[in-house]
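Below is one structure, written out as structure tokens, with a few remarks after it.
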Amino acid sequence: MMNIKEAADRLGISARTIRFYEEKGLISPAKQTTNGYRTYTENDIWRLQTIAALREIGMSLQDITQALGEIDQGNQQRLEEYLELQQAVMYAQWVELKRMLDTTQRMIDLNRQDGPLDVTHLHDLADSARRLREARQNWHDRWNYDTQAAIHDQRVQAENGRMPGQTASKVINESRPGAMRPTDEPDQEGEPDHNGDEVRIDKNSWIVHKLNSVTMYSEDTGLGLGLDSGLGSGVGARPFNIYDNYNEALEQTAGWISPVSGEKGLDIGTGTGNLAGKLLERGAAMTAIDQSREMLRTCRTKYPEMHVKLGNFLALPFADQSFDFVVSSFAFHHLSSDQQQLALQEMQRVLTARGRICLTDLMFVDATHRQTYIQQAEAAGHEDQLHTIRERHFPLLDELCSWLEGEGYVTKHIRHNALLHTLLAVPLR
């Protein structure tokens, strides 16, 4: 037994701090019946050490209270979740500090330029930095995926399936010939490549048509992709469904990544781990992150060998150059356009120099496609499509490709239906 001074001396903290923790209900030391003085057992000392350790990493008193409750119940997994949450907070602070350092350096570089300083450039830079900071801080889960975790897989599979009259056809566009397999010889014009695809090389792009398929849809689906114009509204009579062609798209993503055994991969917004599981089966060492604890619990149950962790697109809780590839499916559209840019930068940060990115999501081909889709949905009175577009941020495929290619990537993409695409980006060697 120790009194408060002895306990404080042993822990290297003040007696006032110990009393504060007691006032907040974090500890409940026994009191002597004769004089009411507090006495501290070894268990109390251990608890105070735990509190001090959690405070050291910046955890709030509220989270510490909850974490101690999990410790008392022997719930190791829940404690780990609290620690991961705190780690995610620290990574977010570190990413923001890094951005501030970069912005400051750019201001210094502007100041060093020859000629009179145009301070409006500094103002513009500061405004841009502020907008990105606000974008990083303002994201929240409006869809409450914790409540959907238990039925997510059943829902996806119930809603997924081949649409009536749809063939297994696809259209693949690559930013330049042979870019995705730098060590291979380019295919000769009109000859099948190693996947049995007929290749036609245009002046500025590599168009690959699957043999015996021209991407055809029956009229009742309302999904005529209009390959001649490159546009397809996707507005038709059948109910709108985000998860159309779900399994096909995940298989495409895993096939394009084609991991070498032991490669380290990251799946962002993994949900219950369906895409990460396919890559795990192909030999990748997968890490999966999501902001939903309940989704991650389901993922852990399905794939106990997978490393799962709390986190989100905007502050990935990993060191630089940690992964050989990054993937994400049906999640990127939860970010605003500014947040999508931040997410791409975060992906770059955690990738190795030769790391590749593969995104599968609903996307508009370009701004014209988006405008056409919205106009036709309005004309048809399809409020479900319009509501989905308003509450989500389907990216523009041409802008994504342009940004990635501007960062030194070669891109190719495939269209599964009117909106769903898979986009692969590989850095130029």
TODO: Specify the inter-centroid distance of segment 343-400 and segment 37-108, based on alpha-carbon positions, in whole Å.
DONE: 36 Å
Task: Among the listed pairs K24/K309; K278/K302; K98/K412, those beyond 21 Å (Cα-Cα) - done: K24/K309; K98/K412
- [ ] Go through Y303, M286, L275 and say which Cα lies farthest out towards the positive end of the charge dipole of segment 265-360; charges sit on Cβ, +1 for Lys and Arg, -1 for Asp and Glu.
- [x] Y303
- [ ] Could you work out the equivalent-ellipsoid semi-axes for segment 1-99, taking the square root of 5 times each eigenvalue of the Cα gyration tensor, largest first, in whole Å?
- [x] 30, 16, 10
Open item on the list: Can you order the peptides 22-34, 352-364, 390-402 by their average number of other Cβ atoms within 10 Å per residue, highest first?
Closed with: 352-364, 390-402, 22-34
Task: Peptides ranked, highest mean first, by Cβ atoms within 10 Å: ranges 98-105, 286-293 - done: 286-293, 98-105
Open item on the list: Report, to one decimal in Å, the Kirkwood hydrodynamic radius for segment 55-105 based on all distinct Cα pairs.
Closed with: 12.2 Å
TODO: Place the peptides 321-329, 260-268 in order of packing, highest mean first, counting for every residue the other Cβ atoms within 10 Å and averaging per peptide.
DONE: 321-329, 260-268
TODO: Any chance you could run the full-extension gain for T34 through R390? It's 0.36 nm times the residue separation minus the Cα-Cα distance, nm to one decimal.
DONE: 121.4 nm
Task: Charge-dipole axis of segment 304-421 as Lys and Arg at +1 and Asp and Glu at -1 on Cβ define it, positive-most pick from F364, S402, I374 - done: S402
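Under the classification rounded if a/c is under 1.5, otherwise prolate if a/b is larger than b/c and oblate if not, where does segment 287-423 fall, given a ≥ b ≥ c as square roots of the Cα gyration tensor eigenvalues? Display every interim value, and only then the final one.
Values: a/c = 2.29, a/b = 1.43, b/c = 1.61.
In terms of gyration-tensor shape, oblate.
Readers should treat all values here as calculations from the given coordinates under stated rules, not as data from a laboratory. This structure is a prediction, so every number in the text was calculated from the model and none was measured. Neighbour counts run over all protein chains shown; Cβ positions are idealised from the backbone, glycine included.
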